[in-house]
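These notes concern the structure reproduced below.
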Amino acid sequence: MANQPISKKPLFNLNLVVQETGIKPDTLRAWERRYELPTPSRTEGGHRLFSQYDIETIKWLISRQEEGMRISQAVDYWRELIAAGRDPLEENHRGTLPVDLPPAEIQLKPLGELKTLWIEHCLAFEEEKAERVLDTAFTQYPWESVLTDLVFPGMAQIGEGWYTSDISVQQEHYASELVARKLQALIDSAPRAFHPQKALISCPPGEFHTIPPLALNLLLRYRGWEVIYLGADVPLSQLQESLNSIQPSLVIMTAARLKTCASLLDASKSLRDQGTPLAYAGHVFTEIPQLIDRIPGTYLGSDLEDAVAKIEKLLSDPEPSADSPPRPNPYQNLIDQIVDQLPYLESAVLFQPSGEKQIQIPSNFIREINNYLFDDLLAALKLGDIRLLKPNISWVKGLLQSRGLEPELLQNYLEDFVEVTRNNLGEDADPLLDWMDEYSTNLDQSEG
C-alpha cells in the first residue's frame with residue numbers, strides 16, 4: 001500500500017511539538033530564526049501552529065544530529081534533497097502520524113464552541129467524544145488558553161449546574177476526572193527539567209480540587225522546571241516529611257473553600273518556621289478577597305499566565321520574605337471549646353425540638369448543613385474574622401432554594417444553632433452568636 005502523504009495543514013501548537021519531538025522551545029525558535037526550518041503558520045493572535053509535516057521535519061533534523069551532523073549541515077542536506085526533487089521524509093514515512101488528526105468538524109473551532117461541545121459530551125457520558133474535544137483543544141491552542149477559556153469555565157459551568165440541580169454529582173465527577181486524566185497524560189510526557197530549582201505543589205488538608213494545581217504542574221514542567229506534585233488532601237505531617245526530603249525552593253498550594261484556606265494558614269506557619277517560601281491561589285480568594293492578607297506568602301492571583309510568571313520569578317530570583325510575626329487570634333479559646341464539644345453540638349442541633357415552628361427541618365438537611373457550617377465556622381474563627389462565614393451561609397441559602405426547599409429552613413436552623421451553642425458554650429461565644437443571631441434575623445437582606 002502506498003504511503004499516505006503527510007499533512008501540511010497547520011493544526012498543532014508549540015507545546016504539542018515539544019511533547020512529540022523532545023526539542024526545547026528555545027532551540028526550535030533558533031532553528032526558525034536562523035534556518036527558516038521549519039516554517040510554522042501563525043494564528044490571528046500570533047501563536048505558532050505546526051503541521052504534521054513540520055513535526056516530522058523536526059524529527060528528521062534531530063535524527064541527522066544524532067548521526068553526527070551539525071544542525072547547519074543537516075539543513076543544507078535537507079535543501080539539497082529538496083532541490084533534487086526528493087522529499088527527505090518520503091523514504092522514512094510509513095503512514096504512522098505523530099498525533100491523530102482532529103475530526104474535520106472540530107478542527108480550528110473557537111475555544112468557546114469547543115467548551116460547549118465538551119460539556120455536552122460530558123453530561124451525556126460520551127467519553128470518546130469528550131476526550132477528542134479536549135485533545136483537539138490542547139493540540140491547536142496554547143495550553144494556557146485551553147485552561148483559561150475551556151477547562152476552568154467549563155468546570156465552573158458544570159459546577160453551577162450541580163448547584164442549581166440541573167446536573168448530577170456523577171456528571172460533575174465524570175467531567176472532573178476526564179480533565180484530570182488529560183492533564184496527567186500531558187504531564188507524563190513532559191521533557192526533562194533543566195532548571196536547578198524545585199517546586200513542590202500540594203493541596204492542604206481537606207482540599208480535593210486538583211485541576212488548578214495540575215494545571216500549574218503542567219505549565220511549569222513544560223517550561224523546564226522540576227515539579228514534585230503531592231496531590232490532594234496532604235496532611236501537614238506528611239507535608240513536613242516531604243519538605244525535609246525534597247528541600248524545595250518554593251511550595252505552591254491551592255484552596256477552593258474557606259475550610260481549606262484555614263488549613264493553608266496552618267501550612268503557611270509550618271513553612272515559615274522552616275524558611276520555605278509559599279505561593280498560593282484558589283477560587284476562595286476570588287470569592288473572599290479579604291482572605292489574601294491573612295495568608296503569609298505570595299498570592300498568585302486569578303490569571304493563570306500571571307500566576308506562572310510569578311512562580312518562575314520566585315523560583316529564579318526569590319525575594320527575601322518579610323519576617324512579620326503571626327497575628328494573635330482573639331477566638332482561640334472559643335475554637336478550643338468548639339473542637340472539644342463538636343460531636344455534642346452537632347447532635348444537639350440535629351435533635352433540637354422545633355417548638356411552635358410551622359416548618360419542620362428535615363434531619364437529612366440538618367446533617368448536610370452541619371457538615372458545611374461547622375467546618376466553615378471553625379475556619380472563619382481560625383482565620384480571625386467571623387464575618388468570613390457570611391458568603392458560605394449565603395451559598396447554603398441558594399442551595400436550599402435550588403433544591404425547592406423553603407428559605408425559612410435555614411433561618412430556623414440558625415436559630416436552633418444559636419440556642420444550642422449559647423446554652424453549651426461560655427461567654428467566649430458571645431461575639432459569634434450575636435453576629436449569627438443578627439444574621440439569621442436579617443437573612444433576607446443583602447447585608448448581614
*asked:* Can you tell me what percent of all Cα-Cα pairs in region 255-315 are more than 16 Å apart?
replied: 43
*Go through region 22-37 residue by residue and turn each phi into a ³J(HN,Hα) via Karplus (6.51, -1.76, 1.60, θ = phi - 60°); whole Hz please, and just put x for glycine and proline.*
x, 6, 7, x, 5, 5, 4, 4, 5, 4, 4, 6, 8, 10, 6, 8
*Dipole in debye (nearest 20) - the chain, about Cα centre, beta carbon charges: Lys, Arg +1; Asp, Glu -1*: 1900
*Using the Karplus curve 6.51 cos²θ - 1.76 cosθ + 1.60 with θ = phi - 60°, work out ³J(HN,Hα) for each residue of region 239-253 in order, rounded to whole Hz, and write x for Gly and Pro.*
4, 4, 4, 5, 4, 5, 7, 8, 6, x, 7, 7, 10, 10, 9
*Compute the FRET efficiency between Glu36 and Arg181 as 1/(1 + (r/R0)^6), taking r as their Cβ-Cβ distance and R0 = 45 Å, and round to the nearest 0.05.*
0.75
*Going by the alpha-carbon gyration tensor, a ≥ b ≥ c the square roots of its eigenvalues, is region 157-240 rounded (a/c under 1.5) or, if a/c is not under 1.5, prolate (a/b greater than b/c) versus oblate?*
oblate
_Loop-located GluC sites (Glu not before Pro) in region 48-91 whose Cβ has at most 13 other Cβ within 10 Å (DSSP)_ = Glu67, Glu90, Glu91
*Taking H as built 1.01 Å from N, whose amide H comes closer than 5 Å to the amide H of Ala279, not counting residues under 5 places away?*
Val251, Ile252, Met253, Thr298
_Counting only protein heavy atoms and a 1.4 Å probe, tell me what percentage of the chain's accessible area is made up of carbon and sulfur._
47
*Where does helix 169-188 land angle-wise versus the long Cα axis of the chain, in degrees 0 to 90, nearest 10?*
40
*To the nearest 10 degrees, how steeply does helix 258-274 sit against the main Cα axis of the chain, on a 0 to 90 scale?*
70
*For an R0 of 30 angstrom, estimate the FRET efficiency from the Cβ-Cβ distance between Phe365 and Glu113 and round to the nearest 0.05.*
0.15
_Positive dipole terminus of the chain, leading residue within Leu389, Ser270, Gly159 (C-beta point charges)_ = Ser270
*Amide H contacts of Tyr229 (H built 1.01 Å from N, under 5 Å, at least 5 apart or other chain)*: Ile201
*Descending semi-axes in whole angstrom, ellipsoid equivalent of the chain, from the Cα gyration tensor*: 53, 26, 15
*For the chain, report the accessible area per residue in Å² (1.4 Å probe, heavy atoms, rounded to an integer).*
50
*Summing -39500 (n - 2.57) over the DSSP H runs of n ≥ 4 in the chain and dividing by its residue number, what mean residue ellipticity at 222 nm do you reach, to the nearest 500 deg cm²/dmol?*
-17500 deg cm²/dmol
*Which is the longest run of the chain containing none of the chymotrypsin sites (Phe, Trp or Tyr not before Pro) found in DSSP loop states (not H, G, I, E, B) with at most 14 other C-beta atoms within 10 Å?*
209-350
*Starting from the Cα of Asn333, step 7 Å toward the Cβ, then list every residue of region 370-400 with an amide N under 20 Å from that point.*
378-387
*Using Cα atoms only, what is the angle between the long axis of helix 71-83 and the major principal axis of the chain, expressed in degrees (0 to 90) to the nearest 10?*
60
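The values are calculated or read from the model by the stated rules, or taken from the named source; none is laboratory data. Everything numeric in this text was worked out from a predicted model, so none of it was measured. Positions of Cβ are backbone-derived with ideal geometry, glycine not excepted, and every protein chain shown enters the neighbour counts. These area figures cover heavy atoms from the full protein model, side chains too; ligands, DNA and RNA do not enter into them. Shrake-Rupley method; radii C 1.70, N 1.55, O 1.52, S 1.80 Å.
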